[in-house]
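Comments concern the structure below.
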Amino acid sequence: MSRTRVHNLAISLDGFAAGEPQSLEAPFGHAGERLHEWMFKTRFWGEGGAEGVDDAFAVRHEVGIGAEIMGANKFGPPGWQDDPDWKGWWGPNPPFHSPTFVLTHRPRAAIEMEGGTTFHFLDAAPAEALAVAKEAADGKDVRLGGGAMIVREFVAAGLVDHMHLVQVPIVLGRGSRVWDGLEALEDTYDIEAVSTPSGVTHLTFMRKGTEG
């Protein structure tokens, strides 16, 4: 059965997955790259990186995924919809290698990239978008790539089966926050926390009654 999964979503101690203001020069706003430094040091990120617990969590991002859903703010900086040539941050061969659905109120024609990634643009509610992505995933799982608002909306709608957040020991104070409006997740999810020498804590939320 196809599941809906979140992986490697880094958040600050106060729950922000990005700072502000976001721009072409600063995709994560005033957070810079501080939320992702733990990942840059892993083998998952590149040759010469370390193995260990952080890497073991990071590589799960790739396993069994047949499609991805992301928000407009992940696909590009504010205003990207006004640039007909914008094709995402990732160059000609994005790292998704699957159908990737971008949720935006201003959809455009699909963009086929190298390596198996095709960006599709949907103006759809979470349940509708997930149904389309699951069909494209052809029995594999669907990954929610973020940002925080997309993850929050899908969790609130009861659509997320597995969620891996990485709590980084910084305080941002402002930005895009995951937890707003979500209460009592412990009633719905089995939650595990694993701290690592890098200083981050891996938080895993598994919907009760589902397999890992």
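Using a basic spin-label model with each label point 7 Å from the Cα along Cα→Cβ, how many nm lie between T118 and L13?
Label-label distance for T118 and L13, simple model: 4.7 nm.
Quote to one decimal, in nm, the extra length available between V53 and V171 on full extension: 0.36 nm per residue of separation minus the C-alpha distance between them.
Working it through step by step, the gained length comes to 40.2 nm.
Between I111, I11, I65, where does the largest GNM mean-square fluctuation fall for the chain, given springs only between Cα atoms within less than 10 Å?
Among I111, I11, I65, the largest mean-square fluctuation in the Gaussian network model of the chain belongs to I111.
Could you give the distance between the Cα centres of the stretch 104-132 and the stretch 59-93, to the whole Å?
10
Looking only at G91, G158, G139, which one moves most when the chain is put into a Gaussian network model with springs between Cα atoms under 10 Å?
Result for the chain, Cα springs under 10 Å: G91 fluctuates most.
At what distance in nm do the modelled label points of W89 and A125 sit from each other, each positioned 7 Å from its Cα along Cα→Cβ?
For W89 paired with A125, the spin-label model returns 3.0 nm.
Taking Rh as the Kirkwood radius, which is the inverse of the mean 1/r over Cα pairs, what is the Rg/Rh value for the stretch 1-99?
0.97
Please report the antiparallel percentage of DSSP beta bridges with both residues in the chain, rounded to the nearest 5.
40
Taking the alpha-carbon distance from K208 and a cut-off under 20 Å, which aspartates and glutamates remain once sequence neighbours fewer than 8 residues away in the same chain are dropped?
D141, E153, D161, E183, E186, D187, D190, E192
Setting aside same-chain residues fewer than 8 positions from K74, which lysines have a Cα under 26 Å from its Cα?
Answer for K74, where 26 Å is the Cα cut-off: K41, K87, K134, K140, listed by chain and number.
Report the full-extension gain for the segment E20 to A184: residue separation times 0.36 nm, less the Cα-Cα distance, to one decimal in nm.
Once the chain is fully extended between E20 and A184, it gains 56.3 nm.
Please work out the Kirkwood hydrodynamic radius for the stretch 59-121, using every pair of different C-alpha atoms, and report it in angstroms with one decimal place.
About 12.1 Å for the stretch 59-121.
Please compute, over every Cα-Cα pair in the stretch 31-77, the percentage with a separation greater than 13 angstrom.
66
Would you mind getting me the FRET efficiency between I191 and H97? Use the beta-carbon distance for r and R0 = 35 Å, nearest 0.05.
0.70
Could you check what % of the DSSP bridge pairs in the stretch 17-126 are antiparallel, to the nearest 5?
Values: 2 of 12 bridges.
DSSP beta bridges in the stretch 17-126 are roughly 15 percent antiparallel.
Compute the orientation-averaged projected area for the stretch 49-161 from the convex hull of its Cα atoms and round it to one decimal in nm².
Working: hull surface 31.2 nm².
Dividing the Cα hull surface by four gives the mean projection, 7.8 nm².
I need the GluC sites (Glu not before Pro) found in the stretch 107-204, filtered to DSSP loop residues with at most 10 other beta carbons within 10 Å of theirs.
E183
For the stretch 48-87, which GluC sites (Glu not before Pro) are both in a DSSP coil and crowded by at most 14 other Cβ atoms within 10 Å?
Details: sites: E51, E62, E68; in loops: E51, E62.
Here the sparse-neighbourhood loop sites are E51, E62.
Report Rg/Rh for the chain, rounded to two decimals, where Rg is the Cα radius of gyration and Rh the Kirkwood radius.
Looking at the chain, the ratio lands at 0.93.
Given a cut-off of 20 Å, what percent of all Cα-Cα pairs of the stretch 121-212 lie beyond it?
Of all Cα-Cα distances in the stretch 121-212, 44 percent exceed 20 Å.
Using a Gaussian network model of the chain whose springs link C-alpha atoms within less than 10 Å, name the residue from V63, V142, V160 with the highest mean-square fluctuation.
V63
Only the coordinates and a few stated rules stand behind these numbers; no lab work does. Nothing here was measured: the structure is a model prediction, and the numbers come from that model. Positions of Cβ are generated from backbone atoms using ideal geometry, with glycine treated the same way; all protein chains shown enter the neighbour counts.
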